[in-house]
Structure formats: C-alpha cells, structure tokens
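Each remark here refers to the structure printed beneath this line.
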Ligand SMILES: *Cc1c(COP(=O)(O)O)cnc(C)c1O
C-alpha cells in the first residue's frame, strides 16, 4: 500500500560537506554535538542520526526524553545523547539507565537527579545550565553555589559533565553587546568552579551562529543545529563569513533536504472559471493545471496559497488558488508534456531550478526553522548519495 503522498530525501554528500565546513571553522578538537531537536529540524531523527554517524558525529542534543528515545532507537552504542530541555521526574530513572545526559537548570532539578540516582544506584550525568542574561532556563549564582556543593559531596551519584549556557540571539550582530555580557557572566561561573575546585568535564556555550562568528565562544563542545542542515542562521552570519574570506558570494553550505511528490492529475480550465475553493483564483485565459496530492495537513503551508511555486520538468509552476487540506493546484500552462505521475519538487533542485525553504520565508512570515520543524514525522525519509 502507498501510504504517503510525498517523500523527503536527505543528501549525505551535502551533509558531509557541511560538517567539513563547520570543522574548518571550529578546528579539530571541540566535540561537535548535532542538535536534532524537533525531529532533526524536520529532517527526521530516524534517518538523519545514522547518516550523521556515518559522517563521524557521535554526540546528539535533543529537547525532551521523547526525542532522546527516538535517537536511542537508531544510534550507535558509542554515541552520546544529551537532553537540553524538559526531563520529567518519572523519566529520570530511564535516562540514568541509558546513560543519557541531561541539563539541570535549577537547584530543584539537581536534588531530584540525586534522589533518583541514589534510588537506582546509578550515576546522573549532569550539564549545569547557568543564567547569563537570556532569562530562559539556567540557574542563578546562589543556586549554582549550592549545586557545586552537592556535586562535590555526591560524586558517586552526580557526574559534573558540563557547564553550559545559551545565547539569546547570537545570529544578529546588533546583539553582540548582549552576547558579550552573557559570555562574561559565564566565565564568572567557571571561576566559581575553580574556586570550589570542582570542574565540569565539558564547557559548551556556542550554537551555530556563535560557532561561526565568535571563535572565543568555542570551548570543549559546540551545539550545532541549523548550520549542519545547510542553512545560514541569518544574513549577518553569511555576510560575516563573506568578509572573512574576502568574497562576494559563497556556496560552502549545501542544503541536505529535498521534498518531492508526483502529479496526481492534469486538467484544462476554461477562461473565466475559478480554481478550487471560493474565488481565490480565476483563470484569466484558458489554462492547464496540475493537481498535487498534498495540502496543509501534510505540512505544506496554507500561507503559500496563490503565492508559492513548485518545480515540474525543471520549470517553476505557480500555485493557483488555496492550499486545501490534502490537495493543491499549480499552473502548468507554460510547461509542455506534463503527465500524471511526473515528479514534482516542493523543496530542492530539479534540473536548473531550485525551490529554497527561504523562498517560503520571503512570501510568508514562516521562519526556516519553523517551516522545517513542521514537516510531518509521517512523511517517509531516505538518504541519497
Ligand atoms: C536549538 C539549540 C541549539 C542549536 O541552535 P542553532 O542556532 O540551530 O545552532 C543550541 N543550544 C540550545 C540550548 C538550543 O536549544
């Protein structure tokens, strides 16, 4: 049975290229943690993680125990999984059993981890997240001091794996003053560790943008999300790179995702007729259209109604009318010989043309990350060379 009306392909050679690019920026030493939250930014954990491992990645960061479990099902035994977000009390024992590392961002969390570690006679591998100015998660200095005391006293149960923080907006150079202040506060926490004579094994603060633009934020590990998938985190990061290589354009990063479907039907529309629901699109001339078998319930944004484009026979076919729940239509009047079953590219390259995720961002308010992370988990993914 054919269960899905679209498919996603991940290009391994593009991924390898991106990892090499990141390595060049950060050097050979730091651990490269691949951030695979939100189903690997929509790329699909199940397919993406083994592909990343084939390219040498051995560290994965996720946002929840659910995602940690998804990674655990497919990863190598020597890969490390780190939960950066919520870990519910009832899941701590499970995390300990599978040696899954996790963030603690308040004193309460450290105490709970210790309690469960004692109950289970296991070690809790903790990454202590500190508050440096993003006011998201992260513990205050007062909590941190108490935490260090606890870590020191219970080394048989608590392993001080990491000391970390997250920047609030490293993508934008106009935030530099804020990032600098955060980094400075982070160093004060490190100093406190030295004073108390208990050091984290791994120091990590850099996300993609920081790792690319601010070398001094690269410590023992970097947490790389968006860049590994081939997207510049922001125009600032791209232009910063261009000025560093003294060029006016650069294609160092390669997108790894393509999203495809096939033509469901081809039909003619008389001049003056409306296409699909309501009166959103009226044919101003006799038209030929292709019907595509997916819609907003399959992850194709409704905001692209009458605005987006797809590729058929290597040519751009504009969307006509509204994106329906399971269908939408595109204009192929200008494309000869389109048949039922022809390949349609929704995201990616076909012959000499390309549809970028960022083209969605230009016509709608969708962020790259938002668009990608909403791609339904049910769409089948496969790796291509
Ligand atoms: C998402 C996330 C990252 C990765 O961010 P990118 O900008 O995609 O590289 C790193 N650290 C934390 C805590 C995150 O939540």
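Values in this text are rule-based calculations from the coordinates and carry no lab data. Predicted model, so just to flag it, every value in this text is computed and none were measured. Heads up, the Cβs are rebuilt from the backbone with ideal geometry, glycines too, and the neighbour counts pull from every protein chain shown.
Miscellaneous remarks
- Each peptide among 300-306, 236-242 gets the average number of other Cβ atoms lying within 10 Å of its residues, and from highest to lowest they stand as 300-306, 236-242.
- Centroid-to-centroid separation of the stretch 168-218 and the stretch 72-97 [C-alpha atoms, Å]: 25 Å
- Degrees, to the nearest 10: 12-26 long Cα axis against longest axis of the chain: 40 degrees
- Length-normalised contact order for the stretch 239-382 - Cα pairs under 8 Å, 6+ apart - percent: 23 percent
- For the listed peptides 199-210, 147-158, 324-335, a ranking on the average number of other beta carbons within 10 Å per residue, highest first, reads 199-210, 324-335, 147-158.
- Sorting 269-277, 118-126 by average packing, meaning the other beta carbons within 10 Å per residue, from highest down gives 118-126, 269-277.
- Over the stretch 88-217, Cα pairs under 8 Å with separation of 6+ residues give a relative contact order of 23 percent.
- Among beta bridges that DSSP assigns inside the chain, antiparallel share in %, nearest 5: 50 percent
- Simple spin-label estimate for residue 196 and residue 88 in nanometres, 7 Å along Cα-Cβ: 3.0 nm
- Theoretical gain in end-to-end length, residue 334 to residue 121 [0.36 nm per residue, Cα-Cα removed]: 69.8 nm
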